[in-house]
Amino acid sequence: MTPVSSEQAAERATPHDLAAEQRVLGALLIDRDAIFKVADLLRAEDFYQAKHQRVYRAAQALLERRERIDPLTMQVELARNEMLDQIGGPAYLRELVEATPTAVDVERHAQIVRDRSLLRRLLNAAKDIAADAYDEPADVTLTLDRAEQRIFSLRDEAINAQLRHIQAALMQNYDHITERMEHPFEVSGIPSGFREIDAYTEGFTRGDLVIIAARPSVGKTSLGLAIAHHVAKRGTGVLLFTLEMDTKQIVARFLGLNSRTDLLALRTGNIRDTEAASALSGLPILIDDTPGISIMELRTKARRAIAQAPGGLGIIVVDYLQLIRTGEHEENRVQELATITRNLKSLARELDVTIVALSQLSRAAGDGGNEPKLSTLRECVTGDTIVCLADGRRIPIQELVGTMPEVLSIDERGRVVRAVSDKVWPVGRRAVFEVKLASGRSIRATADHRLYAFRGWRTVAHLQVDDRLAIARSLPEPDNTVEWPDRRVALLGQLIGDGSYLVHQPLRYTTSSMENSECVTEGAALEFGTTVTCTSHVGSWHQLLLSGNGNRWHPAGVNAWLRQLGIFGQRSYQKRVPREAFRLPNRQVALLIEHLWATDGSINVRDRDAGKRGGHKTYYSTNSPGLAADVAALLLRLGIVTRTIKVDQGDYLPGFQVHVSGCVAQRLFLSVVGAFGPRAEPAALLALAIAQTRTNTNVDTIPREVFEDVRVLMLQRGISQRAMTALRGTAYGGDSHFRFSPSRAVVAEYAELLESEPLASFTTSDLSWDRVIAIEPVGDADVYDLTVPTTSSWLADGIVSHNSGALEQDADVVLMLWKDKEEGPPGAPKLIRGSVAKNRNGPTGRYDLYFEAEQARFYSRGDDEGMPV
């Protein structure tokens, strides 16, 4: 074969197959089941053309919302994200359909697209490796680790996880059960050497990540070494990463375990058991004492150890987690630890070994004989934090204790998805801070709780004013909606706005609108058989009395309905939208908002000829902060992000205005919500006023830090700022283009010109970027924990919140250690308390061990020889 020169390689076309890409997308549009055949195989980035990536992302979004995929729904989804024109409009969707006569071969075409994508990523990895080498980095070892990691990650991508038929799984499980029946008294996994621990775990399972957590000086290192020593004595290979001690110290510890010699005697050379070293030399133990090892270097060495370990590698011990570094510039240490634990968990599964990682707790945990809990590894939120559930409801976290709710979450592509959480638990009382956002949203959480910032997860303690945090741009319609009669939905909106339904008071409704009055009269009479009479007039205002509602002992009619909804008796500043209303379909959510707006909503059109300043205004007013939050959440269901403003009203209660800002959001409001009664005329005027208005780029912007990515890509592609302005068709302005937060459309334009999928993802995600306006301490409060194992996030009233603890979340088994509060006599073994605080494979519970400080040796309670069993 004739070798290819570098010039010839440069002229080669980038691997891709446009026909296969079109056939895949066309199949999705003509066959509703085609998406299920390719969803696990293809990602949007696998498509070469940017417009094909956008179409596939739209299909993924429809799939996640469980909506049918066809040309019409695809057109609506692309238009909602302002991407329809960028893919060529409805005409291109028709072209995709016409180019695909059948969807039978969709899987074959998808595999072609996938293969070409892997080849492109291989080329990019080679370019990155070459670029790193040309830069002549100071840390060559780290550069080699990165190069190896790039290739390994591509290999992992190429191995596509296939669905397995249950028969194969049953046969494997049957073999395991048969083996257990033949050896009923043996542990099924790798024995720890301590019967108390093995009683819960049945030995350590290969592929698991085990965390041993304790305060300093409790003995976690000694326990980790004892487990490693016992495993090695059984002939199973052990790899030990010791970041705190050097090899000499570790060998001395092992000699002590092997000879029962005090550590002091070993240090002074007073050794009598000369056979200990000989016995130790035959154990299959590999030691690495590299200080400050990176997680990539650790993974590389672990892979190599597989081939070197006599008898095969069974367990890796890492002492300890907090001393590992990522080798990258993470935003903070919390994010680094999350990266480290994820890598260790994936490494355990990849190598089919157990990884035992030691973790240091703060000195406050388990102090004074108190048992440290899993909550010690978590940071939490206050009890009033609203959790967005998948069924549409918004429930305070304190009401979810002991349950495993299905919540709304954010996946790795920034899409709102449904996910089931672990049990919600109270953690205790902690110092908390309130983070306030420009949209009017807020969250109260502990200092180390993480929220999603533009460059990744950031703790509350590391946030600053003007940082941008992620909130949802829209919330999905629930799968199982609860539909009411439309008249009932309209009546609820009217009553929440202008109704009075206090205890021991007649049920009244006050309005100046005849349309609103007729709506209430008709709804109450036809839905509940209620008699409605007009009792008073003051100018254009009049009051309706709703009677026939029973009494306090036997409520009926509208009275009984409002009690059933849980809102009867609320004063104006206490009013809320009932929880059940959030389970309505989007059509009726829009109807409810329409009638709320008909009471206390405003639509004001600016008169340009009168010289008035400011833009057109659309907002809802209330003196109930809870109702303002409810209205904002209802609008989010329709894809409308609002801003709530608190208004000082002197001697009266403060008011709250929920604003729909910007012509894009206002157009969406008018088209989806519409207007009723007294708001119909101003809505028509607003529609005319904004029909030709240009989009305000100050609304729904992406943080200007995105321009850092733009500059890097321009540099890599050799595009100057002047050349970029020419490509975009704008006037040259130097750095002025990069001084302000850009709109989604602007970033999408850069992404297309620079052919950057990461840039494009900012414009197509379900995230909006809110601005932090204050971070304030608010004292101590009871806090609660909510953890989503799959996506590691959940929506706190729209704010993207992380799981409470990465260590606890990624671990399969968590072992806690703490000192007993009862001190024994000097020189006597110390009683160390322990617990299996988490165990994916079995029960949890407490156990006791004894610790001999002079020999740094743990042994089981009741063991006369003082040795692990």
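Computed values, structure above
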{"quantity": "From R722, R771, residue being open to solvent by 50 Å² or more (accessible area, probe 1.4 Å), at pLDDT 85 or above and under 23 Å from the mean Cα position of the chain (by Cα)", "calculated": "R771"}
{"quantity": "Identity of the residue in the stretch 99-114, in contact (Cβ under 8 Å) with a residue 60 or more places away in the chain and in a helix (DSSP H, G or I), that ends up most open to solvent (accessible area, probe 1.4 Å)", "calculated": "E107"}
{"quantity": "Count - residues of the stretch 453-482 that are modelled with pLDDT under 90, under 15 Å from V800 (Cα atoms) and open to solvent by 30 Å² or more (accessible area, probe 1.4 Å)", "calculated": "3"}
{"quantity": "Evaluation of Y56 against (1) open to solvent by 60 Å² or more (accessible area, probe 1.4 Å); (2) aromatic (F, W, Y); (3) within 25 Å of A419 (Cα to Cα) (one fails), failing number", "calculated": "(1)"}
{"quantity": "So F669, is it within 16 Å of S474 (Cα to Cα), assigned to a helix (DSSP H, G or I) and open to solvent by less than 50 Å² (accessible area, probe 1.4 Å)", "calculated": "yes"}
{"quantity": "V577 being in a loop (DSSP other than H, G, I, E, B) and either open to solvent by 50 Å² or more (accessible area, probe 1.4 Å) or among the β-branched types (V, I, T) (or both)", "calculated": "yes"}
{"quantity": "Residues (part of a loop (DSSP other than H, G, I, E, B), surrounded by 17 or more Cβ atoms within 10 Å (Cβ to Cβ) and not aliphatic (A, V, I, L, M)) located in the stretch 515-567", "calculated": "T530, N549"}
{"quantity": "Residue in the stretch 115-140 that is most open to solvent (accessible area, probe 1.4 Å), counting only those that are out of contact with any His (no Cβ under 9 Å at 6 or more places or on another chain) and of a type in the set (K, R)", "calculated": "K127"}
{"quantity": "Hits in the stretch 781-817 (condition: at pLDDT 85 or above, under 28 Å from V318 (Cα atoms) and either touching a Pro at 6+ places or on another chain (Cβ under 7 Å) or open to solvent by 30 Å² or more (accessible area, probe 1.4 Å) (or both))", "calculated": "M816"}
{"quantity": "Options R704, R679; residue that is surrounded by 14 or more Cβ atoms within 10 Å (Cβ to Cβ), touching a Phe, Trp or Tyr at 6+ places or on another chain (Cβ under 7 Å) and not in a helix (DSSP H, G or I)", "calculated": "R704"}
{"quantity": "Failed item, numbered, when V778 is tested on (1) outside any loop (DSSP other than H, G, I, E, B); (2) more than 17 Å from Y452 (Cα to Cα); (3) open to solvent by less than 80 Å² (accessible area, probe 1.4 Å); (4) out of contact with any strand residue (DSSP E or B) (no Cβ under 8 Å at 6 or more places or on another chain)", "calculated": "(4)"}
{"quantity": "Any hit, the stretch 483-490, residues being buried (at least 22 other Cβ atoms within 10 Å of the Cβ) and in a loop (DSSP other than H, G, I, E, B)", "calculated": "no"}
{"quantity": "Hits in the stretch 194-224 (condition: free of Cβ contacts under 8 Å to residues at least 60 places away in the same chain and open to solvent by 20 Å² or more (accessible area, probe 1.4 Å))", "calculated": "S217"}
{"quantity": "Which listed residue, of S765, S736, S761, is open to solvent by 30 Å² or more (accessible area, probe 1.4 Å), in contact with a Gly (Cβ under 9 Å, 6 or more places away or on another chain) and either small (G, A, S) or without any contact (Cβ under 8 Å) to a residue 24 or more places away in the chain (or both)", "calculated": "S761"}
{"quantity": "Residues within the stretch 636-655 that are open to solvent by less than 30 Å² (accessible area, probe 1.4 Å) and in contact with a Leu (Cβ under 9 Å, 6 or more places away or on another chain), tallied", "calculated": "6"}
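Here is a yes/no grid of residues against (1) farther than 29 Å from A684 by Cα; (2) within 29 Å of the chain's Cα centre (by Cα):
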{"site": "V558", "(1), (2)": "yes, no"}
{"site": "S572", "(1), (2)": "yes, no"}
{"site": "V577", "(1), (2)": "no, yes"}
{"site": "A598", "(1), (2)": "no, no"}
{"site": "N604", "(1), (2)": "no, no"}
{"site": "K617", "(1), (2)": "no, no"}
{"site": "A629", "(1), (2)": "no, yes"}
{"site": "I640", "(1), (2)": "no, yes"}
{"site": "R643", "(1), (2)": "no, yes"}
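Residue-by-condition table, conditions (1) aromatic (F, W, Y); (2) more than 22 Å from the chain's Cα centre (by Cα); (3) not in a loop (DSSP other than H, G, I, E, B):
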site	(1), (2), (3)
G26	no, yes, yes
K51	no, yes, yes
A58	no, no, yes
L62	no, no, yes
I69	no, yes, no
T73	no, yes, yes
V76	no, yes, yes
M83	no, yes, no
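The values are calculated or read from the model by the stated rules, or taken from the named source; none is laboratory data. Because the structure is predicted, anything quoted here is derived from the model rather than measured. Neighbour counts are summed over all protein chains in view; Cβ atoms, including those assigned to glycine, are modelled from backbone coordinates with ideal geometry. Surface accessibility is based on the protein's heavy atoms, side chains included, excluding ligands, DNA and RNA. Shrake-Rupley method; radii C 1.70, N 1.55, O 1.52, S 1.80 Å.
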